[in-house]
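Chemist: After the structure tokens below, expect a handful of questions from me.
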Amino acid sequence: MSDHPSHPASRRQFLTTLGVAGGSLALSNTLPFARAFAAGTPPAIKLGQVLPMTGSAAEFGPYYRDAVGLAVNQINTAAKEVFGGPIIASHVTADSATLPTVGVQAARQMVDTQHTPVIINGWSSGVTVAIATSVTIPSGVLQIGNGTTSPLVSVLPADAKADLLFRTSASDAMQGVVAAQFVNGEIDPNYKFKRVSTIYINNPYGQGLADAFANAFKKRGGTVLAQVPHPEEVQPTYKSMLSQALKDKPDLLLIVSYPAHTIAICKESRDTFNFTKWQFTDGNASIDIIKEVGAKNMDGLYGTAPGEDTSTQSYKDFSKTYLSTYKYDHFPPFTTCSYDAGMVAGLAMAAAVAAGATDASKITGTVLRDELRKIANPPGDMIDGGDQGRVTDMLKALKAGKKINYNGVAGPCDFDKNGDVITPVNIWKYSGDKIETVKMVAAKDIPAS
């Protein structure tokens, strides 16, 4: 397991709450998959998570780890009351280093040695797609993306028949449209640009979102001067790429990337090209960017991100519990989606146990997949997440043979035929040393293109 040195309290809490099947988490990870269970206790399986603890998105990994950890803790607390014991044997985590090759290696080891039938993964779509095509789909393992937004995921050829790739975050097909509306002055008439260039990370996330924005902006009469990719690995300089993006003097530069890249891009854009008119996306909603580039340059600049309705009870309850449990003062985009991913995975396990599963080795990825839409989609009683009491109510309902419709803390987790959900898209801005949401655009108000 990766540690986050700036949050020792969260590490202690994580080890305490998730070591549910043999002391600490490190010990529980060594338990054999086909284990002997005491009489009267339910089968318990391992929940895997691949996440960026190092690399260009290392800032976000601990938040996603702890959000899934909270869901695991709530599921197991409920399971002890309802089924007589925990149903998640351990929460197994591995670092992707924010790179597809490393992520694939981590997932392969997780599947081959830990025998996890489900893996939560996000950040980035490039990592998600690589793991899906190389590891989870060929192995019959369910993957749930928590920060996976590329439009490619909806139509991934490898998943056309397998149906083993789901996500609790919305497609960037929606974020691209909202970003274009915003730049075009449709959301704020005082914020409008006509000529835009983009610089984007060259992976399914960056290319998918840059293309979605460009198509929607052109449809609205805007001009996209250049779309410039940069490598996934952090580069010593981005001057040549910035030169391409800025050569025709755009009014605005849309940066679709991750924090470590964005820090270097913004510094060189400012220092070498004297250009600071930037707009951002979910990938760079980062406190580290404020610290490294400077609040003076970042203050008041905007970005977009698949978001959540912060007015719901489920969001409020999650936020209060999460922040107090792990001693954070904020959380980045997709933290709520991470919790939802952990929760739907746990509810699918509970549904399998309620249906009579007694052998952990028989609760496979396809078994969990077949329960996923049943617990998350209509019909059924809609029950919010984010609260221990309601999580326990959901397991009680499943044990009683009732249908439930889990309502996530990021929004409804109604999975369509592609395993996608629809959530709001938020507009956020850098404000001093913080990032604040300034507007939520409801899913129903977002045009198709």
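Chemist: Within the stretch 409-447, restricting attention to residues that are in a strand (DSSP E or B) and without any contact (Cβ under 8 Å) to a residue 60 or more places away in the chain, which residue is farthest from Asp163 (Cα to Cα)? So that I can check it myself, show each step before the final result.
Modeler: Kept after step one, since they are in a strand (DSSP E or B), are these residues of the stretch 409-447: 412, 425-431, 434-441.
Checking the rest, the ones that are also without any contact (Cβ under 8 Å) to a residue 60 or more places away in the chain come to 412, 436.
Working: Pro412: 20, Glu436: 36 Å.
Here the answer is Glu436.
Chemist: Quick one: which of Phe280, Phe275 is farther than 11 Å from Ser197 by Cα and out of contact with any helix residue (DSSP H, G or I) (no Cβ under 7 Å at 6 or more places or on another chain)? It would help to see each step written out before you state the result.
Modeler: Numbers: Phe275 fails: out of contact with any helix residue (DSSP H, G or I) (no Cβ under 7 Å at 6 or more places or on another chain).
Within the list Phe280, Phe275, the selection yields Phe280.
Chemist: With the structure loaded, tell me whether Leu253 is assigned to a strand (DSSP E or B), modelled with pLDDT of 95 or more and over 26 Å from Thr336 (Cβ atoms) or whether it fails that test. Outline the logic, then answer.
Modeler: Details: assigned to a strand (DSSP E or B): yes; modelled with pLDDT of 95 or more: yes; over 26 Å from Thr336 (Cβ atoms): yes.
So Leu253 fits the description; yes.
Chemist: Looking at the stretch 161-176, is at least one residue touching a strand residue (DSSP E or B) at 6+ places or on another chain (Cβ under 9 Å), in contact (Cβ under 8 Å) with a residue 12 or more places away in the chain, more than 30 Å from Met110 (Cα to Cα) and aliphatic (A, V, I, L, M)?
Modeler: Residues of the stretch 161-176 touching a strand residue (DSSP E or B) at 6+ places or on another chain (Cβ under 9 Å): 164-172, 174-176.
Okay, now just the ones that are also in contact (Cβ under 8 Å) with a residue 12 or more places away in the chain, so 164-172, 174-176.
From what is left, the residues that are more than 30 Å from Met110 (Cα to Cα) are 174-176.
Within this subset, residues satisfying the condition of being aliphatic (A, V, I, L, M) are 174.
Yes, the stretch 161-176 contains a residue that is touching a strand residue (DSSP E or B) at 6+ places or on another chain (Cβ under 9 Å), in contact (Cβ under 8 Å) with a residue 12 or more places away in the chain, more than 30 Å from Met110 (Cα to Cα) and aliphatic (A, V, I, L, M).
Chemist: Conditions first: (1) under 29 Å from Leu156 (Cβ atoms); (2) in a helix (DSSP H, G or I); (3) at pLDDT 95 or above; (4) more than 19 Å from the chain's Cα centre (by Cα). Gly342 passes all but one, so which condition is the exception?
Modeler: Evaluating Gly342 over (1) under 29 Å from Leu156 (Cβ atoms); (2) in a helix (DSSP H, G or I); (3) at pLDDT 95 or above; (4) more than 19 Å from the chain's Cα centre (by Cα) leaves (4) as the failure.
Chemist: Next up: Select from the stretch 140-153 the residues that are touching a residue at least 60 places away in the same chain (Cβ under 8 Å) and surrounded by 18 or more Cβ atoms within 10 Å (Cβ to Cβ) and list them in ascending order. Can you show your working first?
Modeler: Of the residues in the stretch 140-153, the ones touching a residue at least 60 places away in the same chain (Cβ under 8 Å) are 140-142, 144-147, 149, 151, 153.
Those that are touching a residue at least 60 places away in the same chain (Cβ under 8 Å) and surrounded by 18 or more Cβ atoms within 10 Å (Cβ to Cβ): Val141, Leu142, Ile144, Gly145, Asn146, Gly147, Thr149, Pro151, Val153.
Chemist: Residues of the stretch 161-206 being surrounded by fewer than 22 Cβ atoms within 10 Å (Cβ to Cβ) and within 22 Å of the chain's Cα centre (by Cα), which ones? Quick ask: steps written out before the conclusion?
Modeler: Taking the stretch 161-206 first, the residues surrounded by fewer than 22 Cβ atoms within 10 Å (Cβ to Cβ) are 161-163, 173, 184-195, 202.
Matches in the stretch 161-206: Ala162, Asp163, Ala173, Asn202.
Chemist: While we're here: When you go through Ala360, Ala341, Ala376, Ala345 one by one, which is the residue that is crowded, with 21+ Cβ neighbours inside 10 Å, in contact with a strand residue (DSSP E or B) (Cβ under 9 Å, 6 or more places away or on another chain) and more than 30 Å from Ile446 (Cα to Cα)?
Modeler: Numbers: Ala341 fails: more than 30 Å from Ile446 (Cα to Cα); Ala376 fails: more than 30 Å from Ile446 (Cα to Cα); Ala345 fails: more than 30 Å from Ile446 (Cα to Cα).
The unique qualifying residue is Ala360.
Chemist: Further question: So is Val72 more than 30 Å from Val234 (Cα to Cα), assigned to a helix (DSSP H, G or I) and within 19 Å of the chain's Cα centre (by Cα) or not?
Modeler: yes
Chemist: Could you tell me whether Thr262 is out of contact with any Leu (no Cβ under 7 Å at 6 or more places or on another chain) and not in a helix (DSSP H, G or I)? Before you say what the answer is, go through the steps one by one.
Modeler: On the way: out of contact with any Leu (no Cβ under 7 Å at 6 or more places or on another chain): yes; not in a helix (DSSP H, G or I): no.
Spelling it out, it is not the case that Thr262 is out of contact with any Leu (no Cβ under 7 Å at 6 or more places or on another chain) and not in a helix (DSSP H, G or I).
Chemist: Just to be sure before I move on: is Leu368 in a helix (DSSP H, G or I), at pLDDT 95 or above and more than 18 Å from the chain's Cα centre (by Cα) in the structure I sent?
Modeler: On the way: in a helix (DSSP H, G or I): yes; at pLDDT 95 or above: yes; more than 18 Å from the chain's Cα centre (by Cα): yes.
For Leu368, the condition - in a helix (DSSP H, G or I), at pLDDT 95 or above and more than 18 Å from the chain's Cα centre (by Cα) - is met.
Chemist: Looking at the stretch 202-246, which of its residues are assigned to a strand (DSSP E or B) and over 14 Å from Tyr258 (Cβ atoms)?
Modeler: Going residue by residue through the stretch 202-246, those that are assigned to a strand (DSSP E or B) are 223-230.
Residues satisfying the conditions are Thr223, Val224, Leu225, Ala226, Gln227, Val228.
Chemist: Okay, moving on. Where residues in the stretch 315-334 are assigned to a helix (DSSP H, G or I) and in contact with a Ser or Thr (Cβ under 9 Å, 6 or more places away or on another chain), which of them is surrounded by the most Cβ atoms within 10 Å (Cβ to Cβ)? I'd like the intermediate steps shown before the answer.
Modeler: Here is the first cut: in the stretch 315-334, the residues assigned to a helix (DSSP H, G or I) are 315-326.
Then drop every residue that is not in contact with a Ser or Thr (Cβ under 9 Å, 6 or more places away or on another chain), which leaves 315-316, 318-319, 322, 325-326.
Details: Tyr315: 20, Lys316: 15, Phe318: 29, Ser319: 19, Tyr322: 22, Thr325: 17, Tyr326: 22.
Going through the qualifying residues, I end up with Phe318.
Chemist: Any idea which of (1) in contact (Cβ under 8 Å) with a residue 12 or more places away in the chain; (2) out of contact with any helix residue (DSSP H, G or I) (no Cβ under 7 Å at 6 or more places or on another chain) is the one Gly356 doesn't satisfy?
Modeler: (1)
Chemist: Further, regarding this structure: Being touching a helix residue (DSSP H, G or I) at 6+ places or on another chain (Cβ under 6 Å) and either modelled with pLDDT under 95 or aromatic (Phe, Trp, Tyr) (or both) narrows it down to one of Tyr406, Tyr328, so name that one.
Modeler: On the way: Tyr328 fails: touching a helix residue (DSSP H, G or I) at 6+ places or on another chain (Cβ under 6 Å).
Checking each option against the conditions leaves just Tyr406.
Chemist: If a residue must be part of a helix (DSSP H, G or I) and either open to solvent by 10 Å² or more (accessible area, probe 1.4 Å) or at pLDDT below 95 (or both), how many such residues does the stretch 294-313 contain?
Modeler: Step one: filter the stretch 294-313 for residues part of a helix (DSSP H, G or I), giving 295-298, 313.
Pick out the ones that are also either open to solvent by 10 Å² or more (accessible area, probe 1.4 Å) or at pLDDT below 95 (or both) and you get 295-297, 313.
Matching residues across the stretch 294-313 total 4.
The values are calculated or read from the model by the stated rules, or taken from the named source; none is laboratory data. Here the structure is a predicted model, which is why all the values come from computation and not from measurement. Cβ atoms come from the backbone with ideal geometry, glycine included; neighbour counts cover every protein chain shown. For the accessible areas, the whole protein counts, side chains as well, though only heavy atoms, and no ligand, DNA or RNA atoms are used. Shrake-Rupley method; radii C 1.70, N 1.55, O 1.52, S 1.80 Å.
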